[in-house]
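Asker: The structure that follows is given in the form of structure tokens.
Every number here is computed from the coordinates shown, using simple stated rules; none is lab data. Because the structure is predicted, anything quoted here is derived from the model rather than measured. Don't worry about glycine lacking a Cβ; one is built from the backbone with ideal geometry, like all the others, and counts go over all protein chains shown.
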Amino acid sequence: MVTHRIADGLAFGGDYNPEQWPAKVVDEDLELMALAGVTTLTLGVFSWGTYEPTEGRYDFDRLDALLDRLHAAGIGVDLATPTAAPPVWLLQKHPEILPVTRTGQRYAQGGRLGWCAASPVWREHALRIVEVLARRYGSHQAIRLWHLSNEVGGGNRRCYCDESAAAFRRWLADRYGTVDALNLSWGTAFWGHRYATFEHVLPPRDSETIGQGNPGLVLDFDRFSSDVLLEHVRAERDVVRRHSDVPVTTNFMVGAGPHVVDYARWAPELDVLSNDHYVHAADPHRAQDLAFSADRMRGLRPDQPWLLMETAAGAVSWQPRNRPLTPGELRRNAFGHVARGADGVLFFQWRASVAGAEQFHSGMVPHAGPRSRTFREVVALGADLAAAGEIAGTIVEPARVALLVDDESGWAWEAGPKPVGDLPLANVARRAHRALWSRGVRVDVVPTTLVDALDGYDLVAVAGLYLMGERTARALAGVVGRGGRVVVTHLSGIVDETNRVVTGGYPGVLRDLLGIHVDEMVPLWPDEDVVLDNGWRARDWAERVEADDATVVVRHRTGPLAGEPAVTRRDAGDGQAWYVSVDLDDASLAAALDGAAEGLGLAPPVPADPGVDVVRRTGPQGSYLVAINHGETTARLVAGGRELLTGTDVEDECTVPAGGVVVMRERA
Ligand code: GAL
């Protein structure tokens with residue numbers, strides 16, 4: 001296990017962009033940071049234009065002075081390579097760096113991440129500034145972490161320019177070896193799309209004739225786009241590593257997915273994993289969205305803590321209505337991440353901008369200044385995180401339930417025409433997580449790249465995993481074979497890794513495991529509500545299922561498949577393989593998962609009233625419970641030890657106030 005500590009306890013702070021402010025504001029910032037207990041600042045995310053105002057003329061005076069000052073103040077720095085923001089002079093001189101859309105239009109300057117990863121001109125300039133920075137600060141004592149670029153893929157996920165096309169062709173030649181293998185995989189015999197040579201392949205640009213894009217081409221272009229961005233990140237990392245022993249990260253944006261790049265394949269390339277997570281103010285389930293993101297984040301590397309690199313202390317500026325967090329939400333959100341393995345909580349950004357691109361985005365210090373609810377909550381949070389600091393370095397106790405996810409599968413679902421055009425399949429996994437979360441059951445979200453590590457799980461859920469390779473299918477069969485349980489929902493295992501449908505009855509690679517045969521997909525009309533014979537309800541999706549070697553658990557009562565099986569179970573020794581062929585509503589999905597989990601005794605780590613989310617983290621220093629009460633009444637938590645936020649000893653039971661948080665060091 002690798003552990004890198006970027007702060008002495010839990011890290012607390014945020015992005016700091018002081019080039020926006022005169023010196024006296026920076027002086028005040030340092031005082032306020034001391035008051036709030038800031039331990040860590042991310043510097044320089046967008047500072048290239050400040051470091052190098054004109055080509056080849058560098059100015060690091062400000063950064064030199066700031067680093068020394070922060071070091072003297074005991075604040076550690078996460079220093080960014082500034083490649084998220086190529087300077088205007090560079091884009092003026094080399095507009096070919098800017099990405100091209102699928103309709104062939106080149107982006108203009110004025111945004112950020114305005115670069116194509118396949119551009120050699122870009123690569124040269126980017127690595128040059130990284131080299132200058134890493135050489136200058138590689139051994140500066142203030143620096144505790146390197147932050148490569150920013151949310152890579154967030155603005156430049158795909159570029160359709162000629163350089164990208166050439167790189168894509170090289171990538172394809174590497175992947176397929178022969179163009180015939182590519183033709184077979186993409187099914188180009190149809191519509192006369194056969195390629196005689198790799199040289200004829202283009203990115204999936206807008207075609208002037210009818211068509212929605214070949215799904216094989218579109219998926220491979222997404223894979224390529226992730227790989228070419230990763231190649232850039234690796235190149236920056238290698239430059240940094242030549243000059244510095246300090247660990248490197250790059251901030252992910254892990255949500256319900258599918259993501260802009262394939263984080264499961266990126267994760268092994270970094271020393272520390274970090275995530276940006278913003279709640280959607282209008283989402284009534286936002287606490288669970290946060291838990292899902294954090295569980296998903298931890299699943300990328302379960303044996304080491306991660307870092308919350310960005311979240312908002314108040315409102316963001318990019319949602320349709322930007323409401324601030326409700327009172328107390330900042331604390332619950334912060335500890336929501338800590339509970340699930342974060343070793344720090346950092347914000348975007350320290351002080352809210354008064355001008356520029358993010359003028360109305362909150363900061364830890366809002367426009368109103370320190371005399372504000374947000375800043376008061378920020379200061380209180382700093383104290384709480386300091387009080388809970390000893391939890392840093394511990395690992396979240398493994399769950400008994402795993403949920404499989406895969407970005408490639410999500411991309412495959414979005415590539416090309418489908419039996420239903422408006423079904424966001426990723427929501428099924430999020431809803432399955434929510435069903436378990438709302439019952440206090442913890443879930444490890446496991447990417448399919450780690451599917452060989454399913455040994456310890458009693459229940460494995462597969463929700464809408466449209467693309468599935470043999471390796472995953474074998475691992476699932478292994479779970480059932482050793483007496484575990486598997487629950488598979490609709491639209492899983494439909495295509496293989498080459499994005500070709502597996503024939504002979506859906507769901508191809510899982511048919512034998514589930515003991516079923518599906519011959520027809522039957523999407524429901526948008527307003528069609530189907531009732532099953534036990535009262536459960538389904539919408540959007542149904543299938544004609546035959547149970548060859550499985551028990552029918554529930555049948556359709558109404559709708560186009562009345563009387564047909566809807567949910568089945570195959571018993572194999574002590575193992576069970578469940579199939580849910582319809583898109584159940586939330587309550588029915590939760591009931592179905594209850595059914596599949598019956599007798600397993602899944603429960604929170606310690607008894608707690610409903611509505612309290614409890615997670616245990618353990619390490620050499622002890623065992624800790626983080627409990628968050630999402631309800632509106634005081635709740636009971638049956639646990640004894642030392643409550644760290646209040647500094648009180650608890651005999652064997654305590655209360656968690658409505659909307660409150662408890663962090664308990666359990667009695668040894
Ligand atoms: C993130 C980004 C930050 C800031 C933030 C605002 O996507 O990394 O720099 O723009 O959004 O919410």
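Asker: What net charge do the residues around residue 667 carry, taking every other residue with its C-beta under 10 Å from that of residue 667, with Lys and Arg at +1 and Asp and Glu at -1?
Answerer: On the way: positive: 642, 665; negative: 649, 651, 652, 666.
So the surrounding residues net to -2.
Asker: Let me ask you something else. Using Cα pairs closer than 8 Å and at least 6 residues apart in sequence, work out the relative contact order for the stretch 127-285, in percent. Kindly include the intermediate steps, with their values, before the conclusion.
Answerer: Numbers: 157 pairs, mean separation 57.3, N = 159.
Here the relative contact order equals 36 percent.
Asker: Name the residues whose placed amide hydrogens come within less than 5 Å of the amide hydrogen of residue 575, ignoring near sequence neighbours (fewer than 5 apart) on the same chain.
Answerer: Amide H neighbours of residue 575, under 5 Å, 5+ apart: 483.
Asker: Once the other residues with Cβ under 10 Å from the Cβ of residue 575 are scored (Lys, Arg +1; Asp, Glu -1), what is the net sum?
Answerer: Values: positive: 482, 485, 570; negative: 571, 574.
Neighbourhood net charge equals +1.
Asker: Karplus couplings for the stretch 401-408 from phi (6.51 cos²θ - 1.76 cosθ + 1.60, θ = phi - 60°), rounded to Hz, Gly and Pro as x?
Answerer: For the stretch 401-408, the Karplus curve yields 10, 10, 10, 7, 9, 6, 5, 4 Hz.
Asker: Write out the GluC sites (Glu not before Pro) in the stretch 542-606 meeting two conditions: DSSP loop, and at most 14 other Cβ atoms within 10 Å of their Cβ.
Answerer: Numbers: sites: 543, 546, 598; in loops: 598.
Here the GluC sites (Glu not before Pro) that fit, given the DSSP loop and packing criteria, are 598.
Asker: Consider just the alpha-carbon atoms of the stretch 251-357 and return their Rg together with their Dmax, both in angstrom.
Answerer: 13.8, 42
Asker: To continue, here is another question. Under 5 Å between amide H atoms, partner at least 5 residues away or on a different chain: which partners does residue 619 have, H built in plane at 1.01 Å?
Answerer: 395
Asker: Quick one: check the C-alpha center-to-center distance for the stretch 632-668 versus the stretch 488-516, whole angstrom.
Answerer: A separation of 46 Å, based on Cα centres.
Asker: Give a residue-ordered list of calculated ³J(HN,Hα) values for the stretch 14-28 (Karplus: 6.51 cos²θ - 1.76 cosθ + 1.60, θ = phi - 60°; whole Hz; x for Gly, Pro).
Answerer: With coefficients 6.51, -1.76 and 1.60, one gets x, 5, 10, 10, x, 5, 7, 10, x, 4, 6, 5, 5, 4, 5 Hz.
Asker: Okay, next question. Per DSSP H run of at least 4 residues, take -39500 (n - 2.57); add these up for the chain, divide by its residues and hand me the 222 nm value, nearest 500 deg cm²/dmol.
Answerer: Details: 17 runs with 199 residues, N = 668.
Using -39500 (n - 2.57) per qualifying helix, the result is -9000 deg cm²/dmol.
Asker: Please give the contour-minus-distance gain from residue 470 to residue 20: 0.36 nm per residue of separation, less the Cα-Cα distance, rounded to one decimal in nm.
Answerer: Details: separation 450, 0.36 × 450 = 162.00 nm, distance 5.31 nm.
Taking 0.36 nm per residue and subtracting the Cα distance, the gain is 156.7 nm.
Asker: Here's a follow-up. Sorted by packing (mean other beta-carbon atoms within 10 Å per residue), highest first, where do 363-374, 631-642 land?
Answerer: On the way: 363-374: 18.2, 631-642: 16.2.
So the order, starting with the most tightly packed, is 363-374, 631-642.
Asker: Cα centroid distance between the stretch 81-146 and the stretch 383-422, in Å?
Answerer: Cα centroid to Cα centroid, the span is 29 Å.
Asker: Sticking with this structure for a sec: What ranking, highest mean first, results for peptides 248-258, 527-537 when packing means the other Cβ atoms within 10 Å averaged over each residue?
Answerer: Numbers: 248-258: 23.1, 527-537: 15.6.
Going by the mean number of other Cβ atoms within 10 Å, highest first, we get 248-258, 527-537.
Asker: A further question on this structure: How large is ³J(HN,Hα), in whole Hz, for each residue of the stretch 304-317 in order, when computed from phi with the Karplus curve 6.51 cos²θ - 1.76 cosθ + 1.60 and θ = phi - 60°, using x for Gly and Pro?
Answerer: Once rounded to whole Hz, the list reads 8, x, 10, 10, 7, 7, 9, 8, 9, 7, x, 8, 8, 10.
Asker: I need to check one value: relative contact order of the chain, counting alpha carbon pairs closer than 8 Å and at least 6 residues apart, in percent. All intermediate terms of the calculation are to be shown ahead of the outcome.
Answerer: Working: 1424 pairs, mean separation 72.4, N = 668.
In percent, rounded to a whole number, it is 11.
Asker: If packing is taken as the average count of other Cβ atoms within 10 Å, what order do 614-620, 179-185, 88-94 fall into, highest mean first? Don't skip to the end; give the middle numbers.
Answerer: On the way: 614-620: 18.4, 179-185: 16.9, 88-94: 15.1.
The packing order, highest mean first, is 614-620, 179-185, 88-94.
Asker: Between residue 487 and residues 5 or more places away or on another chain, which pairs have amide H atoms under 5 Å apart, with H built 1.01 Å from N, and which residues are they?
Answerer: Correct list: 460, 461, 462, 578.
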